[in-house]
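Below is one structure, written out as structure tokens, with a few remarks after it.
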Amino acid sequence: MTVVPKIALVTGAGSGVGRAVALALVQAGYHVVLTGRRQAPLAAVASSSAAPERTLVVPSDVSDPDSVAALFAAIHAAFGRLDLLFNNAGVGAPAVPIEDITYAQWKTVVDTNLTGAFLCTQGAFRLMKAQQPQGGRIINNGSISAHVPRPLSAPYTATKHAITGLTRSTSLDGRAFDIACGQIDIGNALTDMTQRMTKGIVQADGSFAIEPTIDPQRVADAIVYMASLPLDANVQFMTVMATKMPFIGRG
């Protein structure tokens, strides 16, 4: 019996959570397409994986429709199908008062975090609906900010709340085509983006506090579990967070 390889796409795969998830999926047996804006970090992740021959590096800008179209054309040409999309690419804006956020800063966050996830979801739907067997799984990176904001985080928080709506709509619209969609909300995985947690970060009451963090590998383990389910089962929402971070009881 011929075993059909599983194909996964990880956006923002060059560092942080994306890197950890890409490496874990390769370890779990997937062929993994790694995308992000910069070739060198993606190539470094691929070469350090358990099976570099099961990786494909395709640099892209998820906020650019033409770039996303080229990314999915490359996936179709190389594999003819896609079984898993992890919408992970994301950026933040400077922690400044809302009236000082520039339009360019707002647009960069929205274009990457929300529009990028939407464009990749569209590309995945087109492949997953057409392929045989039909279907696949999409997992969106929501973040704790999909539930509650941090101070001075309007652009990031707005996009992550919107990701929850995209997750729900995608899950509903995918039912007829065996496309499952879930969301992982991550709290304080220790990446370059969250290094500031270890030095102290402003809290809702205006104080500063050092916050606990977790190894991104814990997130990668959760993604591998979510991806391992048959398409008739779905983790709709999962929160993976540092146990003692100030989230439960915040406010």
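The values are calculated or read from the model by the stated rules, or taken from the named source; none is laboratory data. It should be emphasised that the depicted structure is a prediction, and the values quoted were computed from it without experimental measurement. Using ideal geometry, Cβ is built from the backbone for each residue, glycine included, and neighbour counts are taken over all protein chains shown.
Out of everything in segment 95-105 that is without any contact (Cβ under 8 Å) to a residue 40 or more places away in the chain and not aliphatic (A, V, I, L, M), what residue ends up being surrounded by the most Cβ atoms within 10 Å (Cβ to Cβ)?
Residues of segment 95-105 that are without any contact (Cβ under 8 Å) to a residue 40 or more places away in the chain, as a first pass: 99-100, 102-104.
Narrowing the set further to residues that are not aliphatic (A, V, I, L, M) leaves 99-100, 102-103.
Details: GLU99: 5, ASP100: 9, THR102: 11, TYR103: 7.
Here the residue is THR102.
May I ask you to say which residue of PHE86, PHE72 is part of a helix (DSSP H, G or I) and either within 18 Å of ILE186 (Cβ to Cβ) or under 17 Å from the mean Cα position of the chain (by Cα) (or both)?
Numbers: PHE86 fails: part of a helix (DSSP H, G or I).
Just a single option satisfies the conditions, and that option is PHE72.
Any residue that is more than 24 Å from GLN134 (Cβ to Cβ) and either at pLDDT below 95 or in contact with an Asp or Glu (Cβ under 7 Å, 6 or more places away or on another chain) (or both) - is there at least one of those in segment 65-81?
Looking through segment 65-81, at least one residue is more than 24 Å from GLN134 (Cβ to Cβ) and either at pLDDT below 95 or in contact with an Asp or Glu (Cβ under 7 Å, 6 or more places away or on another chain) (or both).
Checking ILE75 against (1) without any contact (Cβ under 8 Å) to a residue 60 or more places away in the chain; (2) surrounded by 16 or more Cβ atoms within 10 Å (Cβ to Cβ); (3) touching a strand residue (DSSP E or B) at 6+ places or on another chain (Cβ under 9 Å); (4) of a type outside the set (S, T, N, Q), which single condition isn't satisfied?
ILE75 satisfies all of (1) without any contact (Cβ under 8 Å) to a residue 60 or more places away in the chain; (2) surrounded by 16 or more Cβ atoms within 10 Å (Cβ to Cβ); (3) touching a strand residue (DSSP E or B) at 6+ places or on another chain (Cβ under 9 Å); (4) of a type outside the set (S, T, N, Q) except (1).
Look at segment 174-197 and say how many of its residues are in contact (Cβ under 8 Å) with a residue 12 or more places away in the chain and farther than 23 Å from GLY12 by Cα.
Quick first cut of segment 174-197, residues in contact (Cβ under 8 Å) with a residue 12 or more places away in the chain only: 174, 177-194, 197.
Now narrow it down to the ones that are farther than 23 Å from GLY12 by Cα: 174, 177-178.
Qualifying residue count, segment 174-197: 3.
In segment 124-183, which residue that is in a helix (DSSP H, G or I), at pLDDT 95 or above and of a type in the set (Val, Ile, Thr) is farthest from ILE75 (Cα to Cα)?
At the first step, the residues of segment 124-183 found to be in a helix (DSSP H, G or I) are 124-130, 144-146, 154-177.
Filter once more, keeping what is at pLDDT 95 or above: 124-130, 154-177.
Now drop any that are not of a type in the set (Val, Ile, Thr), which leaves 157, 159, 163-164, 167, 170.
Working: THR157: 31, THR159: 27, ILE163: 24, THR164: 26, THR167: 23, THR170: 21 Å.
Filtering segment 124-183 for residues that are in a helix (DSSP H, G or I), at pLDDT 95 or above and of a type in the set (Val, Ile, Thr), the one farthest from ILE75 (Cα to Cα) comes out as THR157.
Suppose we filter ALA189, ALA209 for residues that are buried (at least 18 other Cβ atoms within 10 Å of the Cβ) and over 26 Å from PHE72 (Cβ atoms); which single one remains?
On the way: ALA209 fails: buried (at least 18 other Cβ atoms within 10 Å of the Cβ).
Result of the check over ALA189, ALA209: ALA189.
Can you pull out the residues in segment 1-37 that are under 15 Å from ALA220 (Cα atoms) and either of a type in the set (D, E, K, R) or in a helix (DSSP H, G or I) (or both)? Talk me through it step by step, then tell me what you get.
Of all residues in segment 1-37, those under 15 Å from ALA220 (Cα atoms) come to 8-30, 32, 34.
Passing the criteria: GLY16, VAL17, GLY18, ARG19, ALA20, VAL21, ALA22, LEU23, ALA24, LEU25, VAL26, GLN27.
Which numbered condition trips up VAL91, out of (1) aliphatic (A, V, I, L, M); (2) within 21 Å of GLN131 (Cβ to Cβ); (3) out of contact with any strand residue (DSSP E or B) (no Cβ under 9 Å at 6 or more places or on another chain); (4) not in a helix (DSSP H, G or I)?
(2)
Of all residues being of a type outside the set (Gly, Ala, Ser) and over 18 Å from THR112 (Cβ atoms) in segment 151-169, which is surrounded by the most Cβ atoms within 10 Å (Cβ to Cβ)? Just the residue, please. Steps first, answer last, please.
Applying the first criterion (of a type outside the set (Gly, Ala, Ser)) to segment 151-169 yields 151-152, 155-157, 159-161, 163-164, 166-168.
Those left that are additionally over 18 Å from THR112 (Cβ atoms): 151-152, 168.
Numbers: PRO151: 13, LEU152: 16, ARG168: 14.
Taking the candidates together, the pick is LEU152.
I'd like to verify a number: residues in segment 88-123 that are among the small types (Gly, Ala, Ser) and more than 19 Å from SER15 (Cα to Cα), how many?
Pass one, segment 88-123, residues among the small types (Gly, Ala, Ser): 89-90, 92-93, 95, 104, 116-117, 123.
So of that shortlist, the ones also more than 19 Å from SER15 (Cα to Cα) come out as 95, 104, 123.
So the answer is 3.
Report, ordered by the first and then the second residue, all pairs with beta carbons closer than 6 Å, sequence separation of six or more or different chains, a first member in segment 155-170 that is without any contact (Cβ under 8 Å) to a residue 40 or more places away in the chain, and a second member that is hydroxyl-bearing (Ser, Thr, Tyr) and crowded, with 18+ Cβ neighbours inside 10 Å.
Going by the 6 Å Cβ cut-off, the qualifying pairs are THR157/SER145.
Taking the condition of being crowded, with 20+ Cβ neighbours inside 10 Å, over 12 Å from the mean Cα position of the chain (by Cα) and closer than 23 Å to PRO133 by Cα, how many residues in segment 9-30 meet it?
Within segment 9-30, residues that are crowded, with 20+ Cβ neighbours inside 10 Å, over 12 Å from the mean Cα position of the chain (by Cα) and closer than 23 Å to PRO133 by Cα number 3.
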